[in-house]
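Beneath this line is the structure, given in structure tokens, with notes to follow.
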Amino acid sequence: MERIGRYTLSLEKVKLDSWASVVGKKESEGPLGNEFDLTCEDDSLGQDSWEKAEATLQRKALEIALGKLSLKPEGVDFVLAGDLLNQCISSTFGLRPFGIPLLGQYGACSTMALTLGLSSILVESGAARRAAAVTSSHFCSAERQFRLPLEYGGQRSPTAQWTATASGCVMVGKEGPVQVQKVTFGRITDLGITDAANMGAAMAPAAAETLGAFFRDTGTLPEEYDAIYTGDLGQVGSTLLCQLMEKEGYPIEPVHQDCGLLLFDREKQDVHAGGSGCGCSAAVLCGHILPQLAQGKLKNVLFAATGALMSPTSSQQGESIPGISHLLQLVSVQK
């Protein structure tokens, strides 16, 4: 493992061995609906609370990823997981049956990149033979915690995004068809946005900060990549990010795609500015991006998930919304 520049780590051994995506009904009706491993027609997943339903999403995602390798939980040294709920209860309750050492993470909607980046470092360093990176979100559990219970029928701002009911899991090892070449962990970026209904504006500066750091560290340019995926800025944040990167001298618009805009069809589905939530970028990564890399349809991409590091308490106290973004360079090993 080698440090390149100030913020980027270069890896040599890490491969993604398998992955799994689980989504709810609304997500299955979007443009990527037939690309996910499992679709749950009932968003309650047979549970008596939304929080238990979200925990089930993570459990199913890990089960599927293990099954693709015919692997038992004992074959995984660590599971790195997190979600949006207080104390990451979706992860702890969803993954407790497996008995795998758990490293809980909180990166808000950046959690897929955070867990995947840290899992990669554990494998590269030899601390783990194989690690699992897992995250999830659920529209109903997020609405209850961060906004208003659904029964209130509250109005949504045009800048608001729809929290995805989804989960993604990646098994990180040394034998898969996709290589993790570089990891850049982001810094907290806060431009003073206080509107909790405008996550895109709060997170876009963090994405620009991390992408800029990666390009400076590596001496590369946006056009050298097949695609640059962010998650989940939605329409508002994506527009702002492209403007910020243009000012920095790194125009990304020709190759930029956002997971929050890929998961849903904004013309046909009422999601306002797009999708969000830990599960949004996780499901798009595991259902859409990684399969294309495995097949060689994509050769070299950047995956930069973004998160808003706020809580209901901080918002109620008038605090601004700090953003964070973590980035991975993912390369197909197919010739």
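Values as computed for the structure displayed
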{"item": "Filter result for the condition that a residue is touching a Cys at 6+ places or on another chain (Cβ under 9 Å), under 19 Å from LYS182 (Cβ atoms), surrounded by 24 or more Cβ atoms within 10 Å (Cβ to Cβ) and modelled with pLDDT of 95 or more, over ALA305, ALA283", "result": "ALA305"}
{"item": "Inter-residue pairs, beta-carbon under 8 Å, first without any contact (Cβ under 8 Å) to a residue 40 or more places away in the chain and in the range 85-96, second in a loop (DSSP other than H, G, I, E, B), 6+ apart", "result": "CYS88/GLN105; CYS88/TYR106; ILE89/ASP83"}
{"item": "Residues located in the range 32-54, provided they are touching a residue at least 60 places away in the same chain (Cβ under 8 Å) and within 18 Å of the chain's Cα centre (by Cα)", "result": "LEU32, GLU35, PHE36, ASP37, GLU54"}
{"item": "Flag for THR230 being in contact (Cβ under 8 Å) with a residue 60 or more places away in the chain and either part of a helix (DSSP H, G or I) or surrounded by fewer than 24 Cβ atoms within 10 Å (Cβ to Cβ) (or both)", "result": "no"}
{"item": "Close pairs from the range 204-215: first closer than 17 Å to GLN257 by Cβ, partner part of a helix (DSSP H, G or I), Cβ under 6 Å, at least 6 apart", "result": "ALA204/GLY237; ALA204/LEU240; ALA204/LEU241; ALA207/LEU241; ALA208/LEU241; ALA208/LEU244; ALA208/MET245"}
{"item": "So LEU57, is it in contact (Cβ under 8 Å) with a residue 40 or more places away in the chain, within 19 Å of ALA142 (Cα to Cα), buried (at least 20 other Cβ atoms within 10 Å of the Cβ) and within 17 Å of the chain's Cα centre (by Cα)", "result": "yes"}
{"item": "GLY33 being out of contact with any Asp or Glu (no Cβ under 8 Å at 6 or more places or on another chain) and either crowded, with 21+ Cβ neighbours inside 10 Å or not assigned by TED's automatic domain parsing to the domain that holds GLY260 (or both)", "result": "no"}
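The values are calculated or read from the model by the stated rules, or taken from the named source; none is laboratory data. What you see is a predicted model, and the numbers here were worked out from it, not measured in a lab. Cβ sites come from the backbone with ideal geometry, for glycine too, and all protein chains shown count toward neighbours.
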